[in-house]
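A.B. asks: Before I ask anything, here is the structure I am working with.
The values are calculated or read from the model by the stated rules, or taken from the named source; none is laboratory data. Computed from a prediction, not measured in an experiment: that's the story for all the values here. When we count neighbours, we look across all protein chains shown, and the Cβ atoms used for this are built from the backbone with ideal geometry, even at glycine.
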Amino acid sequence: MSHVVAAKPPRKAEPPRTVKPPRKVRLDRSDYVLRGISYLTVATFATFCALPFILIISASFSSESAIMRDGFGLLPREFTFAAYEYIFRAPRQIIGSYVVTIVMTVAGTAIGLFVIAMTGYALQRKDFPFRNSISFFIYFTTLFSAGLAPTFIWVSRYLELRGSYLAVFLQLLMTPWLIILMKNFVRSVPYEIVESGKIDGAGDFRIFLRLVLPMMKPALATIGLFLALGYWNEWYLSSLYLGSTVEFKPLQYHLYNIINTANALRNSVAGSNVSITELPSNTLKMASAVVATGPIVLAYPFVQRYFVSGITVGAVKG
Amino acid sequence: MAAALTQERVQPRETSTTKKPKSLLRSIVRNRVLLLMCLPAILFFVVFSYAPMPGAWIAFTNFNYRDGIFGSPFVGLRNFEFLIQSGQLWLLTKNTVLYNLAFIVLGNFLQIAIAIMLNEVRSKYFKKISQAVMFLPYFISVVLIGVIAFNLLNYDTGYVNALITQTGGDPIKIYSIAGAWPIIIILFQLWQSTGYGSIVYFAAIMGIDNSLFEAAAIDGASAWQRIRYVILPSLKPTFIILLLFSLGGIMNGNFGLFWNLVGNNAALFQTTDIIETSVYRMIISQNNFTSSTAVGLYQSLFGFALVMLANWIVRKINEDYALF
């Protein structure tokens with residue numbers, strides 16, 4: 001039980017600190033001016049950040065003829081679900097892409113998280129004599145890399161992973177940065193916990209699994225979020241290694257193709273009998289973007305705090 | 001148990017003083033569980049980071065798929081000579097460095113400004129919601145940035161042109177004006193990363209000792225003086241460290257952003273092509289592995305030297321912040 005008690009201090013050590021000018025001191029005019037400017041600027045900038053999202057959503061609910069006539073606007077022009085009906089009339093492609101992306105995201109996050117946690121824990125153990133050399137071995141890959149072309153040739157020709165989902169799945173499992181981030185998080189787990197486990201006769205892996213891992217929930221959430229984002233937003237490796245070899249492309253790569261090639265747009269609604277000129281191509285692109293991005297934006301408010309904590313912890317020591 | 005514990009504790013010192021291979025072996029055996037825990041990650045980096053490294057040899061060959069990396073004819077530095085003589089290497093370096101400088105200068109300025117102003121905001125809800133909205137662009141896929149650009153900038157239906165025609169002007173073919181794109185790309189970069197980048201500075205402001213603010217208020221400091229003499233000096237270490245590391249990474253471009261904005265639009269290359277986009281295009285559409293490897297190797301070596309330099313300077317300033 002001693003480890004439960006020991007677990008508390010690091011949490012208590014970070015009280016919510018807000019910077020406030022002391023209340024008793026009278027605020028002068030400059031304070032109010034600054035505050036006014038601050039509200040205005042922050043509101044303006046936040047609007048500027050939100051605007052493109054509003055434009056896309058509005059466009060996806062517009063009628064194609066209105067867009068052709070007046071162009072995209074901030075509000076839907078001639079409100080209609082037509083573009084979404086097109087997508088979901090023959091939903092094979094989009095459902096296939098969703099399944100590929102969800103499977104990769106879930107499996108990749110689970111496996112990646114476990115490996116990263118294990119490595120981060122071992123590399124933070126002060127009594128592990130190889131920790132510095134292994135840390136450097138991992139870190140060095142951020143300093144010097146073979147470059148895209150040799151990696152591409154190696155993975156596609158020698159590992160023969162071209163056209164395989166594995167080429168995408170495996171390469172996203174971990175990054176040196178995430179391992180370093182995990183190391184920083186593990187540092188807050190008191191060493192006494194490891195010692196108490198040893199006294200109880202537990203092996204290193206057991207100590208990790210039973211004692212350390214349950215204490216690292218915030219770290220797991222943060223790093224899991226970054227891993228999941230990596231998988232969900234992936235389009236780059238898919239464009240290199242999958243191309244058009246697979247029937248169902250990962251979601252964002254699917255979207256990338258819809259935006260950039262006319263054929264992909266037609267195939268996405270599975271209507272090879274539909275001629276490209278009949279398609280509501282402008283609104284269809286926007287609706288596809290909404291469908292591909294929607295879930296992650298909906299999940300965003302719930303995971304935002306882990307996102308922030310990851311950036312602050314990661315920045316302390318890159 | 002206590003005996004086992006002390007033994008464990010003494011053991012690292014033991015391995016560092018005796019350098020016999022026997023003790024290394026013993027150390028491996030003793031730490032086998034921890035080593036095994038690191039093994040998956042080590043394998044990952046061996047396979048995906050270290051194994052491709054010998055492939056950089058392609059930069060010195062006339063590579064063809066049939067003969068493979070080491071069977072292809074050796075041509076020495078000819079690939080580099082070609083890239084230098086054609087002016088391509090210079091153009092790519094210039095674009096990459098200039099874009100990064102613009103991102104660093106404007107980005108840091110905006111991030112610090114937003115962080116300071118966010119700190120002045122008192123309403124909790126306003127702060128929370130505006131922060132959430134500002135981070136959102138960093139959260140979404142960069143492919144969506146291509147969609148946004150299409151929505152805003154395309155000739156026939158783009159929002160910008162819609163606004164121009166509404167006010168009686170003639171629509172502009174933005175996708176063929178090379179001169180406009182540095183501004184467009186910089187705006188998109190700021191849109192994507194300012195909120196995210198301000199988090200670090202905001203956290204630094206939160207970390208400032210409250211007594212400094214109290215002292216400033218008692219001395220009758222105005223809001224501007226508070227910023228000038230308390231907040232900005234406190235942000236200086238964070239700023240310098242971040243600045244040095246971003247200068248160390250000045251040869252690395254934000255590939256996803258550039259590619260999704262410009263892609264294969266050759267009319268814009270003069271002002272928009274950076275190292276990453278050029279390498280990617282050489283592989284994807286030209287199957288040109290020699291030039292792309294040469295450019296990549298040049299970038300890696302140059303980048304490596306810059307990071308080393310940046311880290312060396314950071315170490316001089318404050319050892320705690322150095323990467324290694």
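A.B. asks: Residues that are within 26 Å of B:Pro52 (Cα to Cα) and within 12 Å of another protein chain (Cβ to nearest Cβ): list the helices (runs of 4 or more DSSP H) wholly contained in the stretch A:159-255 that include at least 1 such residues. Write out each step before concluding.
C.D. replies: Details: elements: A:165-171, A:176-186, A:191-199, A:217-232.
So the answer is A:165-171, A:176-186, A:217-232.
A.B. asks: Show the residue pairs meeting these rules: Cβ distance below 7 Å; 6+ apart or different chains; first residue within the stretch A:137-150 and closer than 15 Å to B:Phe304 by Cα; second residue among the β-branched types (Val, Ile, Thr) and modelled with pLDDT under 90.
C.D. replies: A:Leu143/B:Val307
A.B. asks: Hey, another quick one. Whether any residue in the stretch A:70-81 is within 30 Å of A:Ala228 (Cβ to Cβ) and either assigned by TED's automatic domain parsing to the domain that holds A:Ala292 or modelled with pLDDT of 85 or more (or both) is what I want to check. Break it down into steps so the answer makes sense when it comes.
C.D. replies: To start, the set of residues in the stretch A:70-81 that are within 30 Å of A:Ala228 (Cβ to Cβ) comprises A:81.
The next check asks that each one be either assigned by TED's automatic domain parsing to the domain that holds A:Ala292 or modelled with pLDDT of 85 or more (or both); those that pass are A:81.
Yes, because at least one residue in the stretch A:70-81 is within 30 Å of A:Ala228 (Cβ to Cβ) and either assigned by TED's automatic domain parsing to the domain that holds A:Ala292 or modelled with pLDDT of 85 or more (or both).
A.B. asks: Hey, among the residues in the stretch A:202-239 that are within 15 Å of A:Tyr300 (Cα to Cα) and of a type in the set (Gly, Ala, Ser), which one's farthest from the chain's Cα centre (by Cα)?
C.D. replies: A:Ala221
A.B. asks: Restricting to the stretch B:293-309, and then to whatever is more than 14 Å from the chain's Cα centre (by Cα) and among the small types (Gly, Ala, Ser), can you tell me which residue is nearest to the other protein chains (Cβ to nearest Cβ)?
C.D. replies: First, the residues of the stretch B:293-309 that are more than 14 Å from the chain's Cα centre (by Cα): B:293-298, B:301-302, B:305, B:308-309.
Still in the running and among the small types (Gly, Ala, Ser): B:294, B:296, B:305.
Details: B:Ala294: 9, B:Gly296: 3, B:Ala305: 10 Å.
Among those that are more than 14 Å from the chain's Cα centre (by Cα) and among the small types (Gly, Ala, Ser), it is B:Gly296.
A.B. asks: Still on this model: Take the residues of the stretch B:82-122 that are over 16 Å from A:Thr44 (Cβ atoms) and at the interface with another protein chain (Cβ under 8 Å from one of its Cβ atoms): which is modelled with the lowest pLDDT?
C.D. replies: So, considering only residues that are over 16 Å from A:Thr44 (Cβ atoms) and at the interface with another protein chain (Cβ under 8 Å from one of its Cβ atoms), the one modelled with the lowest pLDDT is B:Arg122.
A.B. asks: Any idea which of A:Ala110, A:Ala149, A:Ala117 is surrounded by fewer than 22 Cβ atoms within 10 Å (Cβ to Cβ) and either farther than 23 Å from B:Gly296 by Cβ or facing another protein chain (nearest Cβ under 7 Å) (or both)? First the steps, then the outcome.
C.D. replies: Numbers: A:Ala149 fails: surrounded by fewer than 22 Cβ atoms within 10 Å (Cβ to Cβ); A:Ala117 fails: surrounded by fewer than 22 Cβ atoms within 10 Å (Cβ to Cβ).
Sole residue among the options that is surrounded by fewer than 22 Cβ atoms within 10 Å (Cβ to Cβ) and either farther than 23 Å from B:Gly296 by Cβ or facing another protein chain (nearest Cβ under 7 Å) (or both): A:Ala110.
A.B. asks: For the stretch A:62-79, enumerate the residues that are part of a loop (DSSP other than H, G, I, E, B) and free of Cβ contacts under 8 Å to residues at least 24 places away in the same chain. It would help to see each step written out before you state the result.
C.D. replies: Restricting attention to the stretch A:62-79, the residues satisfying the condition of being part of a loop (DSSP other than H, G, I, E, B) are A:62-63, A:71-79.
The answer is A:Gly71, A:Gly73, A:Leu74, A:Leu75, A:Pro76, A:Arg77, A:Glu78, A:Phe79.
A.B. asks: Right, here's the next one. For the stretch B:254-270: of the residues being part of a helix (DSSP H, G or I) and more than 20 Å from the chain's Cα centre (by Cα), which is farthest from the other protein chains (Cβ to nearest Cβ)? If you could, list the steps in order and put the result at the bottom.
C.D. replies: Of all residues in the stretch B:254-270, those part of a helix (DSSP H, G or I) come to B:255-262, B:266-270.
Pick out the ones that are also more than 20 Å from the chain's Cα centre (by Cα) and you get B:266-270.
Numbers: B:Ala266: 15, B:Ala267: 16, B:Leu268: 15, B:Phe269: 17, B:Gln270: 21 Å.
That would be B:Gln270.
A.B. asks: A further question on this structure: Can we say A:Arg77 is away from chain B (no Cβ under 12 Å), of a type in the set (Lys, Arg) and within 30 Å of B:Val147 (Cα to Cα)?
C.D. replies: On the way: away from chain B (no Cβ under 12 Å): no; of a type in the set (Lys, Arg): yes; within 30 Å of B:Val147 (Cα to Cα): yes.
The answer is no for A:Arg77.
A.B. asks: Count, please, the residues in the stretch B:270-307 that happen to be in contact (Cβ under 8 Å) with a residue 12 or more places away in the chain, of a type in the set (A, V, I, L, M, F, W, C) and more than 22 Å from B:Asn64 (Cβ to Cβ). Please lay out each step first, then the result.
C.D. replies: Step one: of the stretch B:270-307, the residues in contact (Cβ under 8 Å) with a residue 12 or more places away in the chain are B:270-282, B:285, B:289-300, B:302-303, B:306-307.
Now restrict to residues that are of a type in the set (A, V, I, L, M, F, W, C): B:274-275, B:279, B:282, B:289, B:294-295, B:297, B:302, B:306-307.
Filter again for more than 22 Å from B:Asn64 (Cβ to Cβ), leaving B:274-275, B:302, B:306-307.
Adding up the residues that qualify gives 5.
A.B. asks: So, one more: Every residue in the stretch B:217-249 that is more than 26 Å from B:Phe135 (Cα to Cα), among the small types (Gly, Ala, Ser), more than 7 Å from every other protein chain (Cβ to nearest Cβ) and buried (at least 19 other Cβ atoms within 10 Å of the Cβ), please.
C.D. replies: Within the stretch B:217-249, just B:Ala221 meets the criteria.
A.B. asks: Tally the residues that are within 8 Å of chain A (Cβ to nearest Cβ) and either in a loop (DSSP other than H, G, I, E, B) or of a type in the set (Ser, Thr, Tyr) (or both), restricting the search to the stretch B:136-171.
C.D. replies: Matching residues across the stretch B:136-171 total 8.
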